[in-house]
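Structure first, commentary second.
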Amino acid sequence: MFRRQSALILRQFNSVISDVCSPKIQTACFKSHTSIDKIYPNSNLDYLRKPEQVQDSFAKTGSPDAPEKFTGYIPIEQLEVTATRSSGPGGQSVNTVNSKVEIRFHLESASWIPDWIKPRIIEKAEGKLTKDGYLVLRSDMTRKQILNQADCMNKLRNLIFAASTLPKPPTQQEIKVKEERLAKAKAGVLREKKDRALLKQFRTSPESF
Amino acid sequence: MASKVTERALNLVKSMPRVGLGNIKDLPTATYKKQVNRGRRQKKKGRGDKGQGSRNTWDPLGYEGGQRPLIDSVPSEKYYGQYAIRRQYPPISLLELQRMIDLDRVDVTKPVDIVSICNTGLFKFEVAKNHFGVNITEEGCDVFAAKINLEIQWTSELVIAAVEKSGGTITTRYYDPQCLAALFNPLAHFKKGLPIPKCKLPPQDALAYYSDPEFRGYLADPEKILLAREKLAQKYGYKLPDLGADPVKDLLLMRKDPLQIFYGLEPGWIVNLKDRCILKPKDEDYLRYYYNVH
């Protein structure tokens, strides 16, 4: 009896709470000396809004001469994500739960990958491409679908980054060091040759001396 | 002429004997130093005959004549460390939470915090056992599908991803033990007639966690939380919903103040259940106390 009474009272108080803190008068709610808008006065409290430029936050800085870089941002709506049953042991759960994740998309028509990277991806991941030109990535690494999808995303991102890495041109210091080493090696070879020649000379009769 | 009282007093003094060493005494509270070894014959100096007592060759403390002393017989193992003072967060899985929502034990149309979870009766914690709130675990992250404004004390990245994937928001929030006692059983707290306590800030070793946008700490920068949400969506491969003018957005953004423990109720208020009213302080000192951290 008492428990039900207490539940009733709490439910009524919940309704009081909802009226007091309704969306329309949210600004009238309690704000102390350490409210978030006072700790971070320059921050917009609405973090559910669409951010202005998301891609730049993942961009890797490149020189102005370098071609367009892959920022790491993958638009999920342009990928086809499917879940199927995984292989391996696991009894009822592996037989019934769709934990394996497959991500596929048409590589050539992907606008979010710079065009110069696409042939490099084809080189690197020949076995992952279908006849129709779809890149297919699968993962059944864990027991959870959400983690397998994260694994697929990771694989895709790493693949594109690996395909987009250009060989680094040698720096002046590196060139200098290499030249010095080559010169030293050459000098060593020549010294050996000279020593060898002298030795041969000593074996002959001393006519020229 | 002097009064009768003074005359009598003077006569008394005149008739009394002269003050001398023989007729005065110290107060009962007077203390005297002990007379040690003063006198004619002080051969043993109070140390007795022979032995360790007179020769100052006592055994070390704990020595048991060569037998393994008690302090040495039991080894010291440090594997418990400071378990008695470490904070604990009893767990509840996302699956259990989803079940509660499906069975209408928890109302998703309002913000869900530890009070809502405890009010179901299916989750309990004990402040006396160093329990500092609820910890949401990962089981059920694949099946969780509720647009919920969730406020808990401890969680992992996967849980945050699961909640945000299904369109909800999640915040980690610290409560000190006094507030937790009120939160576990608000009815009992209100019946005591005590004012709603103001929440303390987290201790030093917890401050980093609750200021971290990666864990959606309640003291974190909202701008950083925005970026962290996007980063997590990219990591786990889901799209964040675009709530432009959705009314549910206001519900999802509802937050308590760092000093506040109940939604809609301020610290310092007294909830009078009998007369069904709330008593609010008007005195400036009280208001200042409940408005500031210190």
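The values are calculated or read from the model by the stated rules, or taken from the named source; none is laboratory data. Only a predicted model underlies this, so the values are computations on that prediction, with no experimental measurement involved. Every residue, glycine among them, receives a Cβ derived from its backbone with ideal geometry; neighbour counts consider all protein chains shown.
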Search result, residues across segment B:251-276 that are within 7 Å of chain A (Cβ to nearest Cβ) and either free of Cβ contacts under 8 Å to residues at least 60 places away in the same chain or under 30 Å from A:Glu102 (Cβ atoms) (or both) = B:Asp257, B:Pro258, B:Gly264
In segment B:220-250, which residue that is more than 7 Å from chain A (Cβ to nearest Cβ) and aliphatic (A, V, I, L, M) is surrounded by the most Cβ atoms within 10 Å (Cβ to Cβ)?
-> B:Ala220
From B:Asp59, B:Asp26, B:Asp49, which residue is exposed (fewer than 10 other Cβ atoms within 10 Å of the Cβ), modelled with pLDDT of 90 or more, under 54 Å from the mean Cα position of the chain (by Cα) and among the acidic types (Asp, Glu)?
-> B:Asp26
B:Tyr286 vs (1) of a type in the set (Phe, Trp, Tyr); (2) in a loop (DSSP other than H, G, I, E, B); (3) surrounded by fewer than 21 Cβ atoms within 10 Å (Cβ to Cβ): all pass except (2)
Which numbered condition A:Gly91 fails, given (1) at negative phi; (2) modelled with pLDDT under 95; (3) over 21 Å from the mean Cα position of the chain (by Cα) | (1)
Quick one: would you say B:Asp107 is under 30 Å from B:Gly264 (Cβ atoms) and either touching a helix residue (DSSP H, G or I) at 6+ places or on another chain (Cβ under 8 Å) or at pLDDT below 90 (or both)?
-> yes
If we ask which residues in segment B:152-189 are among the charged types (D, E, K, R) and closer than 20 Å to B:Asn119 by Cβ, their number turns out to be 1
Any chance you could count how many residues in segment A:106-140 are more than 16 Å from A:Gly72 (Cα to Cα) and within 14 Å of another protein chain (Cβ to nearest Cβ)?
-> 4
Cβ-Cβ under 9 Å pairs, at least 6 apart or on other chains, segment A:158-186 side more than 30 Å from A:Thr71 (Cα to Cα), far side part of a loop (DSSP other than H, G, I, E, B) | A:Lys178/A:Pro170
Scan of segment A:138-157 for residues that are out of contact with any Cys (no Cβ under 9 Å at 6 or more places or on another chain) and either aliphatic (A, V, I, L, M) or free of Cβ contacts under 8 Å to residues at least 24 places away in the same chain (or both), ordered by number | A:Met141, A:Ala150, A:Met153, A:Asn154, A:Lys155, A:Leu156
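Each row is one residue, and each column tells you yes or no for (1) more than 31 Å from the chain's Cα centre (by Cα); (2) within 30 Å of A:Ser87 (Cα to Cα); (3) in a helix (DSSP H, G or I).
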| position | (1), (2), (3) |
| --- | --- |
| A:Arg120 | no, no, yes |
| A:Gly127 | no, yes, yes |
| A:Val136 | no, yes, no |
| A:Thr142 | no, yes, no |
| A:Leu156 | no, yes, yes |
| A:Leu159 | no, yes, yes |
| A:Val177 | yes, no, yes |
| A:Arg181 | yes, no, yes |
| A:Lys186 | yes, no, yes |
Could you check, for segment B:277-294, whether at least one of its residues is more than 8 Å from chain A (Cβ to nearest Cβ) and at positive phi?
-> no
Count of residues meeting criterion [touching a helix residue (DSSP H, G or I) at 6+ places or on another chain (Cβ under 7 Å) and in contact (Cβ under 8 Å) with a residue 12 or more places away in the chain] in segment B:197-232 = 17
Residue satisfying condition, being of a type outside the set (Lys, Arg) and either touching a strand residue (DSSP E or B) at 6+ places or on another chain (Cβ under 8 Å) or more than 10 Å from chain A (Cβ to nearest Cβ) (or both), within set B:Val134, B:Val143 | B:Val134
